[in-house]
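One structure below.
The values are calculated or read from the model by the stated rules, or taken from the named source; none is laboratory data. Every value quoted in this text rests on a predicted model; they were computed, and no experiment measured them. Note that we place each Cβ from the backbone using ideal geometry, even for glycine, and neighbour counts take in every protein chain shown. Surface accessibility is based on the protein's heavy atoms, side chains included, excluding ligands, DNA and RNA. Shrake-Rupley method; radii C 1.70, N 1.55, O 1.52, S 1.80 Å.
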Amino acid sequence: MAVETAAYTEQTDVQRDITEMVRQFVDEQIIPNAEHYDHEDSFPEPIVEQMKELGLFGVTIPEEYGGMGLDLTTYAMIVEELSRGWISISGVVNTHFIGSYLLMKFGTDEQKSHFLPKMATGEIRAAFSLSEPEVGSDVQGIKSSARQGEDGSWELNGQKMWVTNGLGSSVVFVLMKTDPKAEPAYKGMTCFITEKEPWKEVNEGDYAGLTVPPKIKKMGYKGVESTELVYDGYRCPPERVLGGGEEGVGQGFVQMMDALEVGRVNVAARGVGIAQRALELALRYSQERKTFGKPIAAHQAIQFKLADMATKIEAARLVTRKAARLKDAGERSDLEAGMAKLLASETGKECVEECFRIHGGYGYSKEYEIERLYRDAPLLLIGEGTSEIQRMVIGKKLLQRHKI
Ligand SMILES: Cc1cc2nc3c(=O)[nH]c(=O)nc-3n(C[C@H](O)[C@H](O)[C@H](O)COP(=O)(O)OP(=O)(O)OC[C@H]3O[C@@H](n4cnc5c(N)ncnc54)[C@H](O)[C@@H]3O)c2cc1C
């Protein structure tokens, strides 16, 4: 039951067609099966295979590389729909999307033609790795490092943390320190395109020196794996420095922060999607459940909850699409992406909590979908920068733009 708040749509024909197609896929394939994969904490392989057939791994990849060539705004609409079904499914494509963005924007021609066609079909999937056991928000504090040998190849060492798709991916875009003495520190960082065997814990041969410890056990966001990655003498040829062996060295931090802007729009869209699902569940349950002789939806206190949920979702959706449109127009959108991520992720959590309250005791039962949403929603407050970090970005940008 998708809830339309108004007949007016700001979508183009292409956007409407593709979101309707994805919505149908979500209603038929994702929502009925999410509980099973969540409960088992197993990778939803059959759903992912269907997503490959639908072309969902290549939405933003240019047609010349086999993708659909659509923009970030359309992608955000798709992610909203997928997340309405289950945010773990959007997690399977999210880091892949960030990796393809990095290649499209900063990759050499050889890097693009080597990776993008296989990424467009989903034959290979990408992960994105900044965080470490001791570092998340303060990215400039990473300790993992890479040193160039006399033959030009790089040796990578260090431990990465919280890598979504860390085991099933074939390629990881990883940030390493390449000049520990650089001032400021961000100028001494480089992004490496590290290849690996998918689903293999210990890599050998060309990929020796990269191991994937057992997946991290989580409260929610099940099905898609989050892992550590251990680089221990992993060799990376110079042509796998993002942007090329000479041009790309020292550019990693700037490249990754650019990618985080689109990543934040992506997380914002996930917040809107999970909030939308919470509203749908609340609307249905509140008309079914009766107290004091009438459906609880007839009590004004419940109607106010529904009204607040719908209003906040609409606002979060609009700011998310605005941030996406700015990026599509080639504008810097860090302020807007920060606002979208902050508002939509907080809206996701608030709407899920309100829906949980509306379900009374049944909200606490695993029989009801809201229980899964309640465990999934908090992730959105953390990933791609916490709410505190978004407020820091927004505050800094506001003062820059309005300096007296
Ligand atoms: C399920 C999951 C999947 C993830 N996937 C990925 C991934 O694919 N790739 C990846 O690189 N990372 C990933 N992450 C990591 C995520 O990006 C980090 O957890 C996040 O950036 C926060 O970092 P941290 O956990 O180290 O918290 P910390 O940085 O240690 O922060 C702890 C607390 O302090 C607050 N804080 C920190 N600095 C300040 C400050 N200056 N002022 C005020 N408050 C502050 C934070 O907001 C937070 O509340 C994932 C995390 C999770 C949980």
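Mean separation of Cα pairs under 8 Å and 6+ residues apart, divided by the residue count of the chain: what relative contact order is that in percent?
That works out to 16 percent.
Using heavy-atom solvent-accessible surface (probe 1.4 Å) with all chains present, what is the largest-first order of I389, I358?
Ranked list, largest accessible area first: I389, I358.
Under 14 Å from a point 7 Å along the Cα-to-Cβ line of F292: which residues of the range 347-389 have their amide N that close?
none
Taking the Cα centre of the chain as the origin and placing charges on Cβ (Lys, Arg +1; Asp, Glu -1), which of L229, G107, V171 is farthest toward the positive end of the dipole?
So the residue we want is L229.
May I ask you to give the percent of accessible area on the range 274-327 that is carbon plus sulfur, with a probe radius of 1.4 Å? Intermediate values should be presented prior to the final figure.
Working: 1570 of 2720 Å².
That share works out to 58 percent.
Once both labels are modelled 7 Å past Cα along the beta-carbon direction, what's the E247-D27 spacing in nm?
4.7
Determine the gain in length on full extension of the stretch R357-L399; use 0.36 nm per residue of separation and subtract their C-alpha separation, reporting nm with one decimal. Could you put the intermediate results ahead of the total?
Working: separation 42, 0.36 × 42 = 15.12 nm, distance 3.89 nm.
Stretched fully, the R357-L399 segment lengthens by 11.2 nm.
About the Cα centre, and with charges only on the beta carbon of Lys, Arg (+1) and Asp, Glu (-1), how big is the dipole of the chain? Nearest 20 debye, please. Spell out each step's value before the answer.
Working: 48 positive and 61 negative charges, 319 e Å.
Roughly 1540 debye for the chain.
Roughly what would the spin-label model give for T311 and V202, points 7 Å off Cα along C-beta, in nm?
So the two model labels end up 6.0 nm from each other.
In whole Å, what is the distance between the alpha-carbon centres of the range 87-138 and the range 371-404?
That distance is 22 Å.
Which cross-chain or sequence-distant (5 or more) residues have an amide H under 5 Å from the amide H of S153, H modelled 1.01 Å from N in plane?
Amide H neighbours of S153, under 5 Å, 5+ apart: none.
How big is the accessible area of S153 in square angstrom, nearest 10, if you roll a 1.4 angstrom probe over the protein chains?
The value for S153 is about 20 Å².
On the full set of protein chains, 1.4 Å probe, figure out the accessible area of F356 and give it in Å² to the nearest 10.
40
Given a cut-off of under 8 Å on Cα pairs at least six residues apart, what relative contact order in percent is computed for the range 149-230?
36
Once label points are set 7 Å from the Cα along Cα→Cβ at both K181 and H39, what is their separation, rounded to one decimal in nm?
About 6.0 nm separates the two model spin labels.
Averaging over every viewing direction, what projected area does the convex hull of the Cα atoms of the range 285-404 cover, in nm²?
The directionally averaged projection comes out at 9.4 nm².
Accessible area of the range 1-111 with a 1.4 Å probe: how many percent of it is carbon plus sulfur?
That share works out to 48 percent.
Taking only C-alpha pairs under 8 Å that are 6+ residues apart, what is the relative contact order of the range 59-160 in percent?
20 percent.
Taking the alpha-carbon centroid of each part, what is the distance from the range 144-176 to the range 47-67 in angstrom?
After rounding, the separation between the Cα centres reads 26 Å.
Starting from the Cα-Cα distance between E64 and M104, subtract it from 0.36 nm times their residue separation and give me the gain in nm to one decimal.
Additional length available on full extension: 13.2 nm.
Could you check what % of the DSSP bridge pairs in the range 113-206 are antiparallel, to the nearest 5? Spell out each step's value before the answer.
Working: 12 of 17 bridges.
About 70 percent, rounded to the nearest 5.
So with the 1.4 Å probe, I'd like the accessible area per residue for the chain, rounded to whole Å².
Value for the chain: 44 Å² per residue.
Under 27 Å Cα-Cα from K200, which lysines qualify once same-chain neighbours fewer than 8 residues away are excluded?
K52, K112, K118, K143, K160, K177, K215, K217, K218, K222
Taking Rh as the Kirkwood radius computed over C-alpha pairs, what is the Stokes-Einstein D of the chain at 20 °C in a medium of viscosity 1.002 mPa s, expressed in µm² per second?
Once the numbers are plugged in, D ends up at 99 µm²/s.
Considering only DSSP beta bridges where both residues belong to the chain, give the percentage that are antiparallel (nearest 5).
85
Could you give the length gained by full extension between M257 and E388, i.e. 0.36 nm per residue of separation minus their alpha carbon distance, to one decimal place?
Gain on stretching M257 to E388: 45.5 nm.
Which one, V249, V202, V265, has the greatest fluctuation when you compute a Gaussian network model over the chain with C-alpha springs under 10 angstrom?
Looking only at V249, V202, V265, the biggest GNM fluctuation is shown by V202.
Relative to the first principal axis of the alpha-carbon coordinates of the chain, what is the inclination of helix 252-288, with its axis defined by its Cα atoms, in degrees from 0 to 90 and to the nearest 10?
20
Could you sort 318-326, 34-42 so that the peptide with the highest average Cβ count within 10 Å comes first and the rest follow in order?
Sorting 318-326, 34-42 by mean packing, highest first, produces 318-326, 34-42.
What order do H299, H359, H402 take when sorted by accessible area (1.4 Å probe), most exposed first?
On the way: H299 45, H359 10, H402 125 Å².
Most to least solvent-accessible, the answer reads H402, H299, H359.
Quick query: amide H of E132 versus all other amide H atoms, modeled in the peptide plane; which residues come in under 5 Å with a sequence gap of 5 or more or a different chain?
So E132 has HN proximity to M161.
Provide the FRET efficiency to the nearest 0.05 for the F304-S137 pair, computing r from the beta carbons and using R0 = 45 Å. Don't skip to the end; give the middle numbers.
Values: r = 35 Å, r/R0 = 0.79.
Given R0 = 45 Å and the Cβ-Cβ separation, E is 0.80.
Under a 10 Å cutoff between Cα atoms, tell me which one of K112, K160, K290 has the largest fluctuation in the Gaussian network model of the chain.
In this elastic network of the chain, the residue with the biggest mean-square fluctuation among K112, K160, K290 is K290.
Hey, what do the phi angles of the range 214-227 turn into as Karplus ³J(HN,Hα) couplings, whole Hz, using 6.51/-1.76/1.60 and θ = phi - 60°, x for Gly and Pro?
Karplus values, whole Hz, x for Gly and Pro: x, 4, 6, 7, 10, 5, x, 6, 7, x, 8, 7, 10, 9.
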